[in-house]
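Visitor: Attaching a single structure in structure tokens format; questions to follow.
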Amino acid sequence: MDLRSNTIIDIQLVQTNEIQKFLREAKVTQYYDVWHMEKGLSKKLVKIAQNKDCAKLKKWLRSIKNHVYWTAASSTSGPERVAKWTSILNHVQDIHTHQDPAFPQCLHLQRTSRDKSKWLTARTPAFCRLEKALTNKRILKEFYQTSSLEAFHSVILRFAPKNVVFPYLGMLCRLYLAALHYNENTGRPQATSTSGELLYRFNFPKSKHGECTAKPVKAEPTFHYVDALLDLIFEKVFQDPAPYVNEVLKITIPEDLSTQYERPDKLDVIASYVSRFNQGQV
């Protein structure tokens, strides 16, 4: 996926035992998903804030959570991302200018806080434990807002449900269809009512413990790619199928993973079967 244009530009279907090798040989830069990172970090900070000498951190939990998403969404490079992320350690001390030139000062308006008790002090238990959590090597490694990729995965599930087994070519075709559908509908506008008002839907995520959230309702998807495929099939493939058949035959279809194992004798397997009803006494 090209995250700048939010479109799928390439798909590779590999078996589960080939994934790590494929990523290594393709030299793919991997990012931590910001949602998963924030979820794990928030759990850790909530646990730290339960300590009596770290109770002040409770006032910063929501701000740090927002800072995670803002850092991922507003940064254009690794150094800028790290600079913005670590700036929170100054901010919680009421320090809003920073030594890192990639992010020299906070962007918010300078104003006097009504709650002066919320500020942390360096070298206190609360600050030290916060600093340790936020500067973990895994946290400092690049993370990215990959919600678009998650949306594409949900489209894949519509075309290739996990509870159905497909042959290799069938799965590949369904992935291509999912990519066509996603790319056509990636820029769908927000739906409106008959009076022109923007539509939203409300839900209560389990993770927010009863807190209601609003999400925009997108306009209905289009399926123009289906018309294009039908035109291709009837106007070209049916007229001269040979070139298309040859392209399909060029696709290397891997053997099933089960072929790597020696098939045992059926009678031996049945003889070794012990049901939960005839295990005998223990």
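Visitor: Could you compute the longest span of the chain free of trypsin sites (Lys or Arg not before Pro) located in DSSP loops and having at most 14 other Cβ atoms within 10 Å, not counting the site residues?
Guide: 163-249
Visitor: Another one. If a paramagnetic tag sat 7 Å from the Cα of VAL46 along the Cα-Cβ line, which residues of segment 73-95 would have the backbone N under 11 Å from that point?
Guide: What the label zone holds, given the 11 Å backbone N cut-off, is no residue at all.
Visitor: Follow-up. Return the long-range amide H neighbours of TYR32 (sequence gap of 5 or more, or a different chain), with a cut-off of under 5 Å between placed amide H atoms.
Guide: PHE143, TYR144
Visitor: Here's a follow-up. For the chain, just run the numbers: alpha carbon Rg, then divide by 2.2 N^0.38 Å, N being how many residues it has.
Guide: Taking the Cα Rg and dividing by 2.2 N^0.38 Å, one obtains 1.42.
Visitor: Rounded to the nearest 0.05, what FRET efficiency do LEU109 and TYR176 have when you use their Cβ-Cβ distance and R0 = 35 Å?
Guide: Calculated transfer efficiency: 0.10.
Visitor: Could you give the length gained on full extension between ASP240 and ARG24, defined as 0.36 nm per residue of separation minus the Cα-Cα distance, in nm?
Guide: Gain on stretching ASP240 to ARG24: 73.8 nm.
Visitor: Using a simple charge model, +1 on the beta-carbon of Lys and Arg, -1 on the beta-carbon of Asp and Glu, nothing else, what dipole does segment 14-115 show about its Cα centre, in debye to the nearest 20? Mind showing how you got there, number by number?
Guide: Details: 17 positive and 9 negative charges, 100 e Å.
Using Cβ point charges on Lys, Arg, Asp and Glu, segment 14-115 gives about 480 debye.
Visitor: Ok, one more. For THR7, which sequence-distant residues (separation of 5 or more, or a different chain) have an amide H within less than 5 Å of its own amide H, given hydrogens modelled in the peptide plane?
Guide: ASP2
Visitor: Could I ask something else about it? For a quick check of understanding: with a 1.4 angstrom probe and all protein chains in place, what accessible area in square angstrom does ILE64 have, to the nearest ten?
Guide: About 10 Å², rounded to the nearest 10.
Visitor: Now for a different question. Report, as a whole number in µm² per second, the diffusion coefficient that Stokes-Einstein gives for segment 142-222 at 25 °C and 0.890 mPa s using the Kirkwood radius over alpha carbon pairs.
Guide: The diffusion coefficient I find is 160 µm²/s.
Visitor: Which value results for Rg/Rh of segment 53-172 when Rg is the Cα radius of gyration and Rh the Kirkwood radius based on the inverse mean 1/r?
Guide: 1.17
Visitor: Taking loop as defined by DSSP and a crowding limit of 10 other beta carbons within 10 Å, which chymotrypsin sites (Phe, Trp or Tyr not before Pro) in segment 158-266 fit?
Guide: PHE238, TYR261
Visitor: When the chain is fully extended, how far beyond the present Cα-Cα distance does VAL226 get from VAL165, taking 0.36 nm per residue of separation?
Guide: Gain on stretching VAL226 to VAL165: 19.6 nm.
The values are calculated or read from the model by the stated rules, or taken from the named source; none is laboratory data. All of these numbers come straight from a predicted model, not from anything done at the bench. We place every Cβ from the backbone using ideal geometry, glycine too, and count neighbours over all the protein chains shown. In case anyone asks, the SASA skips ligands and DNA or RNA and just uses the protein heavy atoms, side chains included. Shrake-Rupley method; radii C 1.70, N 1.55, O 1.52, S 1.80 Å.
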